[in-house]
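*Asks:* First the structure, which I've put down as structure tokens, then a few questions once you've had a look.
The values are calculated or read from the model by the stated rules, or taken from the named source; none is laboratory data. Note that the coordinates shown come from a computational prediction; the quantities given were computed from them, not determined experimentally. Note that we place each Cβ from the backbone using ideal geometry, even for glycine, and neighbour counts take in every protein chain shown.
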């Protein structure tokens with residue numbers, strides 16, 4: 001039993017030695033890259049290019065730009081049918097929804113005393129339902145909403 005353990009340790013000892021050599025080489029290359037990048041950064045700072053970069057950064061490209069005509073407003077509200085998540089029956093429930101200018105979808109509850117659920121549309125995916133022409137799924141980080 002102990003000799004098998006000793007053989008295993010000897011076998012993994014060479015593996016660990018190889019691995020430590022490889023890790024040391026990787027660390028050396030990363031340190032070299034870090035050194036070159038810091039030199040490049042200091043060179044750019046000394047040349048005065050950072051002033052141009054900061055002025056262009058504020059006027060940069062925005063991935064999610066507002067769409068539509070601003071004369072009509074950027075908030076849309078109306079009713080959607082939301083499929084309930086019940087265990088026994090799933091029924092379509094009429095819900096008041098509003099898309100805000102900031103990119104949020106507010107879904108009102110049947111009970112008006114509860115605050116609406118707010119979903120960030122910029123972090124969601126929308127998938128069309130192939131079986132239903134009017135249906136779509138809104139997939140957020142914590143759940144999936146089925147709308148019509």
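*Asks:* Which of the residues spanning region 88-108 are at pLDDT 90 or above and part of a loop (DSSP other than H, G, I, E, B)?
*Replies:* Correct list: 91, 108.
*Asks:* Still on this structure, I have one more. Can you tell me how many residues in region 126-148 are in a loop (DSSP other than H, G, I, E, B), under 15 Å from residue 97 (Cα atoms) and within 15 Å of the chain's Cα centre (by Cα)?
*Replies:* Summing the residues that are in a loop (DSSP other than H, G, I, E, B), under 15 Å from residue 97 (Cα atoms) and within 15 Å of the chain's Cα centre (by Cα) in region 126-148 gives 0.
*Asks:* Can residue 27 be described as on the phi < 0 side of the Ramachandran plot, out of contact with any helix residue (DSSP H, G or I) (no Cβ under 8 Å at 6 or more places or on another chain), exposed (fewer than 11 other Cβ atoms within 10 Å of the Cβ) and at pLDDT 90 or above?
*Replies:* yes
*Asks:* Go through (1) exposed (fewer than 10 other Cβ atoms within 10 Å of the Cβ); (2) within 30 Å of the chain's Cα centre (by Cα); (3) at pLDDT below 85; (4) not in a helix (DSSP H, G or I) and name the single condition residue 85 misses.
*Replies:* (1)
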